[in-house]
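Chemist: My questions will all concern the structure given below.
The values are calculated or read from the model by the stated rules, or taken from the named source; none is laboratory data. Keep in mind that this is a model prediction, so the values were computed, not measured. Methodologically, a virtual Cβ is constructed for each residue, glycine included, from the backbone with ideal geometry; neighbour enumeration extends over all protein chains shown.
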Amino acid sequence: MRMENAQILEHRDIQGGYKRLVLRAPGIAPEVRPGQFVHLRVPHLEAAVLRRPFSVFDARDGALSILYKDAGHGTAVLKGAAPGETVSLIGPLGRGFPAECGGRMPVLVAGGYGMAALHLLARALPRRGIAFFGGKTADDVLCVDEFEALGWPVRIATEDGSLGERGLVTAPLDEWMKKPPREGVELFACGPMGMLRAIGERAIAGGWKAWLSLDRHMGCGVGACLTCVQKIHAPDGGWTWQRVCREGPVFESREIVWEDE
Amino acid sequence: MRMENAQILEHRDIQGGYKRLVLRAPGIAPEVRPGQFVHLRVPHLEAAVLRRPFSVFDARDGALSILYKDAGHGTAVLKGAAPGETVSLIGPLGRGFPAECGGRMPVLVAGGYGMAALHLLARALPRRGIAFFGGKTADDVLCVDEFEALGWPVRIATEDGSLGERGLVTAPLDEWMKKPPREGVELFACGPMGMLRAIGERAIAGGWKAWLSLDRHMGCGVGACLTCVQKIHAPDGGWTWQRVCREGPVFESREIVWEDE
Amino acid sequence: MGIDLSVEIGGIRMRNPVMVASGTFGYGPEYADLVDLNRLGAIVVKGISPKPVMGNPPARTVETVGGLINAIGLQNPGLEGFLRDGLPFLRGYNVPVIVNIWGRTVEEYEEVAAGFEGAEGVAGLEVNVSCPNIKEGSALFGGDPALFRRVVSAVRAKTRRPLIVKLAPDLSRVAEYARAAEGCGADAISLINSIPAMAIDIETRRPRLGNVSGGLSGPAIKPIALKMVWEAARAVKIPVIGIGGIACAADAIEFLLAGATAVAVGTATFLNPAAAIEIAEGIGDYLARHGLGHVRDVTGGLRS
Amino acid sequence: MGIDLSVEIGGIRMRNPVMVASGTFGYGPEYADLVDLNRLGAIVVKGISPKPVMGNPPARTVETVGGLINAIGLQNPGLEGFLRDGLPFLRGYNVPVIVNIWGRTVEEYEEVAAGFEGAEGVAGLEVNVSCPNIKEGSALFGGDPALFRRVVSAVRAKTRRPLIVKLAPDLSRVAEYARAAEGCGADAISLINSIPAMAIDIETRRPRLGNVSGGLSGPAIKPIALKMVWEAARAVKIPVIGIGGIACAADAIEFLLAGATAVAVGTATFLNPAAAIEIAEGIGDYLARHGLGHVRDVTGGLRS
Ligand SMILES: Cc1cc2nc3c(=O)[nH]c(=O)nc-3n(C[C@H](O)[C@H](O)[C@H](O)COP(=O)(O)OP(=O)(O)OC[C@H]3O[C@@H](n4cnc5c(N)ncnc54)[C@H](O)[C@@H]3O)c2cc1C
Ligand SMILES: Cc1cc2nc3c(=O)[nH]c(=O)nc-3n(C[C@H](O)[C@H](O)[C@H](O)COP(=O)(O)OP(=O)(O)OC[C@H]3O[C@@H](n4cnc5c(N)ncnc54)[C@H](O)[C@@H]3O)c2cc1C
Ligand SMILES: Cc1cc2nc3c(=O)[nH]c(=O)nc-3n(C[C@H](O)[C@H](O)[C@H](O)COP(=O)(O)O)c2cc1C
Ligand SMILES: Cc1cc2nc3c(=O)[nH]c(=O)nc-3n(C[C@H](O)[C@H](O)[C@H](O)COP(=O)(O)O)c2cc1C
Ligand code: FES
Ligand code: FES
């Protein structure tokens, strides 16, 4: 983990409000493992007191990139940052995904920008499996080509049916899981809490492991402020808080105490 | 007085930290009288709660321009505003200069960006006189050509001697005033308080009128908040507060109660 | 079905719940060229005392991160001056005028309150017991429960007009003061006033304000104000006017949900003179979007 | 002539006057990869109570204009947990460690204070009587003068270590509490803690914080904190630690001029983990620029 002033190399629209930001970060980029994130200080966001966490979508040749959506005020201002400007990053942060699947078939499930957390994993896993991407509309289904180029077939569902199946991403997943491969499956997911919970429940029911990357509001990003806590089952039958920024953002589904939010 | 969203037509460097901002303001521009100002909302200055006042340097053809210096955080952010962007203005504000000189010879005295308040006046006065410009360095002496093109000879003094005489602007003024023209003089000045006071004292001593444009911190800019008050002699021998934004920014030197600041 | 934004505060009927706060809107004419005064919920004028007051030496305001410190020192033309030079202008409009009043002694509070008894065009009084900019007197009234009761009761006895008591931003005792105001006959309470604050110029090593310290207002204080309004609203049955850092409709709606019947916009007017009017419109949009017919359906609607 | 940034707070010698504030720097290891802990004036760790505390449900923080509302609820591993898992790491550094302590009862305060008597590597204690996030107890201690005296005296009796009392942000009575702390034997006081505050999600109509309300910190509160520090410093002879919204050297120097001997940086660390170190450097530059040899030449240097 380190702090680095990263220069913007590229900043371009992908589709429907999503942008890709490529940053020169020779200190951080080589250290990034799949599922880790960076804590980014939005330039010119004057009235803000917090950084914003973003999954590292890609990291190579001393550069890293993130994908983000114009979702609030911080990202609206971030959109204005121009190539050549400098962005302060802290990273890589969090523990990320285990980049192995114990001989089972890896299944990636993403909702919206969740696929950003899975891209490095798709590259790092010892074998290819299958990916399921969901979103509200076709605009929320990103970078399918890049996953396919890595050898991952991608199944798509959108809530409005504008791309792939109409409905939630769990529908094609359930359909596919009716005949799981003989060697078993290992799930890796990132997306909204509701989706993660649905996948976690399926994993527990099916006896598989599901590695879920949680999206929690963050303060410090490094474990100091205790903002980002998640209830985790304790060995004694009770529960403890764990910090999504430090012990997470990825937890195995059995670890998580689900609550109504 | 009105509020108007003015589009930036031009925004360019003049010299040494000074910029000129030209705004399309068809509602405000035709109304501006010499020495009036606009209250400008700096775009993207997120943590600010106040507008900033700027003298109108020029106003014609539905556009107005201001000259400003990168003097603090607000102007540093303003510098980044790009042509095409919109800037909210309130104006024209204040009473400005009387655009006549009672048959006397008009003498303009400016310190730094103070010349911005005098430019429209130089155009509007019924006769040409002489102008004295002062500044710390040559960089602080602006738009001499434009005044000369209007028929005003300009005498210059800089504190470091990098342009014109070395010293304060009062030196060449005093020199010139040793032989005032027969018809008498009328002074019009804008600049730092020290300079205005020096000129006011000379005017009182010499029996001339000096119209001084004051630079006071402002809140509302329209007379509501009572931030910008100046002590003014009252008819009964006492004093009253007047609002620089509403009753000013121009006062005749005899009106002002000078205090150590 | 139309949307009804009107509210009533102790008998003052307002077309919408968004007022402009005392001291930030002068006496009306200053902003009259820029905004249609008749579209405001109410105008609360700058604080009036029995005699004219000169106020503090400049600098009188300082900008801070998301806020403004002011130390105007309650400059005002006094009761007579306002009745003669200020009020007639406002009578020309169709908007409730609430006169903010204060004094340096209980007797002064009584005097200025009584002075408005006959005055035409005054919809109600707001008693300021909370200005952080008066050294000798007023600050005390808002910081001492016994004195607070005395001044509110005294003013109540002198006026039949709707009486709003503006509380001091006393973090630890807001509910106590709110109940005291109610107990002493106030028709409504308003809060918060600006919060005691200070800024120093490190180069000159002098206070940035002529008066050394002043009161902080603006978006910076909104979360503090909201907490106090929520506490006050739970403590009393009379209407509460929420004030503090309100700059957009969402801010105002937060205060309504916390229990305010109306709000007042102060510092935000300086950046955007039309802020209060736009906020009233925004509340209307919110009601429409949420299928609510009346702004009172929002007041106190915080779920827990 | 060199510039001397060192200060002493009740016997704690610090190489510079810039500490990191309780609750914003964890227990040390969290930021150790990013900043050299040995360059900090002191580390104040997150508040410790006798037994482990789980704290509040999420959401635990909300960003506001120039500020942060937190309602962590004082989650901590308890005295034993900290002695076992936290303190040993910090002993590896050459920086004074100040342990922030709190309890729900006077007895709990005594218990946790006594628990550090034998502990190696603890330079001093900071007693938090002011957290706005404990419903049943702690908030009271800072808001009631009699209880305040009891808890400070009780802790004083249990520890020979340097004792810093962290005051509640009680706007109207800060000098009174400062003097009470001094009178009860505190070696220093620190202020301010975060200010009670709240935020509401207008779409869900629910509080944005799991705990409904929390405490506001960050640049938004700096002018309020500065005013309170100035008042407190004039009321007591013991050193004052200024806290609240400090984000750059100029902010810190304002607090020193107002009478603080040292400062603590809290929320600003989240944006810039090196904030405290850069502020210490900036104070050095200021001293050099103003021809001052020692940081104590700045403390209390406000002109009027
Ligand atoms: C581990 C992690 C990885 C993330 N990766 C991505 C990514 O790859 N791409 C992407 O677009 N977004 C990602 N996010 C969400 C991102 O951090 C921002 O929260 C989101 O972009 C909205 O921020 P804003 O500044 O525009 O919103 P604002 O409204 O300005 O935010 C206000 C505050 O709320 C917080 N906040 C708002 N929405 C969320 C949210 N959904 N989750 C957490 N905090 C929130 C902000 O961080 C900030 O503190 C990730 C979040 C986490 C925790
Ligand atoms: C009537 C009038 C006309 C002006 N005309 C011009 C002009 O033509 N060109 C120009 O460059 N400047 C002019 N100024 C000064 C200008 O308004 C700004 O104050 C200055 O540019 C610095 O602002 P800032 O936002 O960069 O500073 P910041 O440091 O961001 O300002 C903080 C606060 O201090 C105030 N402030 C800072 N310096 C001054 C100052 N010297 N006088 C008054 N308030 C100040 C700001 O308005 C703001 O409220 C004028 C001021 C007045 C009152
Ligand atoms: C410049 C200024 C002058 C003020 N004068 C008064 C006053 O005379 N009487 C009063 O009760 N409040 C006065 N206030 C307080 C405001 O009415 C309001 O309570 C406070 O500013 C908080 O609201 P805001 O954050 O929306 O500004 C003044 C505030 C400002 C900024
Ligand atoms: C997330 C967070 C947790 C905090 N926890 C504590 C605590 O445990 N004990 C304490 O005395 N103060 C705590 N504080 C208050 C800070 O120490 C400090 O007094 C306050 O935040 C004001 O300073 P700042 O504006 O620099 O953050 C906490 C503040 C924050 C933001
Ligand atoms: S964000 Fe601070 S502990 Fe996780
Ligand atoms: S700036 Fe508000 S009265 Fe002049």
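Chemist: Surrounded by 24 or more Cβ atoms within 10 Å (Cβ to Cβ), more than 9 Å from every other protein chain (Cβ to nearest Cβ) and out of contact with any helix residue (DSSP H, G or I) (no Cβ under 7 Å at 6 or more places or on another chain): does that describe residue C:217?
Modeler: Values: surrounded by 24 or more Cβ atoms within 10 Å (Cβ to Cβ): yes; more than 9 Å from every other protein chain (Cβ to nearest Cβ): no; out of contact with any helix residue (DSSP H, G or I) (no Cβ under 7 Å at 6 or more places or on another chain): yes.
Taking the combined requirement at face value, the residue does not satisfy it.
Chemist: Restricting the search to the range B:151-172, which residues are within 21 Å of residue B:186 (Cα to Cα) and crowded, with 17+ Cβ neighbours inside 10 Å?
Modeler: B:152, B:154, B:155, B:156, B:157, B:168, B:169, B:170, B:172
Chemist: Would you please name the residue that is surrounded by the most Cβ atoms within 10 Å (Cβ to Cβ), looking only at residues in the range A:33-50 that are part of a loop (DSSP other than H, G, I, E, B) and more than 7 Å from every other protein chain (Cβ to nearest Cβ)?
Modeler: Within the range A:33-50, the match that is surrounded by the most Cβ atoms within 10 Å (Cβ to Cβ) is A:35.
Chemist: Also: List the helices (runs of 4 or more DSSP H) that sit entirely inside the range A:133-245 and contain at least 1 residues that are closer than 30 Å to residue D:53 by Cβ. Before the answer, list the steps.
Modeler: On the way: elements: A:144-149, A:170-177, A:193-206.
The qualifying helices (runs of 4 or more DSSP H) are A:193-206.
Chemist: If you don't mind, there's one more thing I want to ask. State the number of residues belonging to the range C:159-200 that are at the interface with chain D (Cβ under 9 Å from one of its Cβ atoms) and either touching a residue at least 40 places away in the same chain (Cβ under 8 Å) or not in a loop (DSSP other than H, G, I, E, B) (or both).
Modeler: 8
Chemist: With the checklist (1) within 13 Å of chain D (Cβ to nearest Cβ); (2) more than 16 Å from ligand 5 (Cβ to nearest atom); (3) aliphatic (A, V, I, L, M); (4) touching a residue at least 12 places away in the same chain (Cβ under 8 Å) in hand, flag the one item residue A:234 doesn't pass.
Modeler: (4)
Chemist: Kindly indicate the residue of the range C:62-81 that is out of contact with any Leu (no Cβ under 8 Å at 6 or more places or on another chain) and among the hydrophobic types (A, V, I, L, M, F, W, C) and also farthest from the other protein chains (Cβ to nearest Cβ) among those meeting that condition.
Modeler: C:79
Chemist: Output the number of residues of the range D:40-62 satisfying the condition of being more than 10 Å from ligand 4 (Cβ to nearest atom) and touching a His at 6+ places or on another chain (Cβ under 9 Å).
Modeler: Total meeting the criteria: 3.
Chemist: Still on this structure, please answer the following. Which residues, counting only those in the range A:167-200, are among the basic types (Lys, Arg) and either at pLDDT 95 or above or not assigned by TED's automatic domain parsing to the domain that holds residue A:129 (or both)?
Modeler: Matches in the range A:167-200: A:197 only.
Chemist: Report whether or not residue B:148 is under 22 Å from residue B:120 (Cα atoms), without any contact (Cβ under 8 Å) to a residue 24 or more places away in the chain and exposed (fewer than 14 other Cβ atoms within 10 Å of the Cβ).
Modeler: Taking the combined requirement at face value, the residue satisfies it.
Chemist: I need a count of the residues in the range C:234-256 that are surrounded by fewer than 24 Cβ atoms within 10 Å (Cβ to Cβ), more than 13 Å from residue C:188 (Cβ to Cβ) and more than 13 Å from ligand 3 (Cβ to nearest atom).
Modeler: The total comes to 4.
Chemist: Failed condition for residue C:84, given (1) more than 16 Å from ligand 2 (Cβ to nearest atom); (2) over 27 Å from residue C:186 (Cα atoms); (3) within 14 Å of chain B (Cβ to nearest Cβ), with all others met?
Modeler: It fails just one condition, (3).
Chemist: In the list A:200, A:184, A:219, which residue meets the criterion of being at positive phi and touching a residue at least 40 places away in the same chain (Cβ under 8 Å)?
Modeler: Working: A:200 fails: at positive phi; A:219 fails: at positive phi.
After applying the criteria, what remains is A:184.
Chemist: Quick check: anything in the range D:140-155 modelled with pLDDT under 95 and of a type in the set (Lys, Arg)?
Modeler: Within the range D:140-155 (the criterion being modelled with pLDDT under 95 and of a type in the set (Lys, Arg)), the answer is yes, since at least one residue qualifies.
Chemist: Would you check which residues across the range D:201-214 are basic (Lys, Arg) and facing another protein chain (nearest Cβ under 7 Å) and list them?
Modeler: Of all residues in the range D:201-214, those basic (Lys, Arg) come to D:205-206, D:208.
Selection gives D:205, D:206.
Chemist: Still on this model: Within the bounds of the range A:196-204, is there any residue that is among the hydrophobic types (A, V, I, L, M, F, W, C), more than 18 Å from the chain's Cα centre (by Cα), within 14 Å of chain D (Cβ to nearest Cβ) and crowded, with 20+ Cβ neighbours inside 10 Å?
Modeler: No - not one qualifying residue is present in the range A:196-204.
Chemist: Quick check on my filter: what residues within the range A:211-231 are more than 14 Å from residue A:93 (Cα to Cα), more than 7 Å from chain D (Cβ to nearest Cβ) and either of a type in the set (Ser, Thr, Tyr) or crowded, with 21+ Cβ neighbours inside 10 Å (or both)?
Modeler: Scanning the range A:211-231 gives A:211, A:212, A:230.
Chemist: Specify the residue that is nearest to ligand 5 (Cβ to nearest atom); the eligible residues are those in the range B:72-128 that are free of Cβ contacts under 8 Å to residues at least 40 places away in the same chain, assigned to a loop (DSSP other than H, G, I, E, B) and in the same structural domain as residue B:53 (by TED's automatic domain parsing).
Modeler: It comes out as B:80.
Chemist: Let me ask something else about it. Report, by residue number, each residue of the range D:89-103 that is surrounded by 19 or more Cβ atoms within 10 Å (Cβ to Cβ) and part of a loop (DSSP other than H, G, I, E, B).
Modeler: If the condition is that a residue be surrounded by 19 or more Cβ atoms within 10 Å (Cβ to Cβ) and part of a loop (DSSP other than H, G, I, E, B), then D:95, D:96, D:102, D:103 are the ones that fit.
Chemist: Being modelled with pLDDT of 95 or more, within 16 Å of ligand 3 (Cβ to nearest atom) and buried (at least 21 other Cβ atoms within 10 Å of the Cβ): is that true of residue D:260 here? Talk me through it step by step, then tell me what you get.
Modeler: Values: modelled with pLDDT of 95 or more: yes; within 16 Å of ligand 3 (Cβ to nearest atom): no; buried (at least 21 other Cβ atoms within 10 Å of the Cβ): yes.
Considered against the rule, which asks whether it is modelled with pLDDT of 95 or more, within 16 Å of ligand 3 (Cβ to nearest atom) and buried (at least 21 other Cβ atoms within 10 Å of the Cβ), residue D:260 comes out as no.
Chemist: Quick test for you: out of B:51, B:104, B:20, pick the one residue that is farther than 23 Å from residue B:123 by Cα and among the basic types (Lys, Arg).
Modeler: Working: B:104 fails: farther than 23 Å from residue B:123 by Cα; B:20 fails: farther than 23 Å from residue B:123 by Cα.
Within the list B:51, B:104, B:20, the selection yields B:51.
Chemist: Here is a follow-up. Quick one: which of A:32, A:56, A:109, A:42 is farther than 24 Å from residue D:267 by Cα, in contact with a helix residue (DSSP H, G or I) (Cβ under 6 Å, 6 or more places away or on another chain) and of a type in the set (A, V, I, L, M)?
Modeler: Working: A:32 fails: in contact with a helix residue (DSSP H, G or I) (Cβ under 6 Å, 6 or more places away or on another chain); A:56 fails: in contact with a helix residue (DSSP H, G or I) (Cβ under 6 Å, 6 or more places away or on another chain); A:42 fails: farther than 24 Å from residue D:267 by Cα.
None of the other options fit; the residue is A:109.
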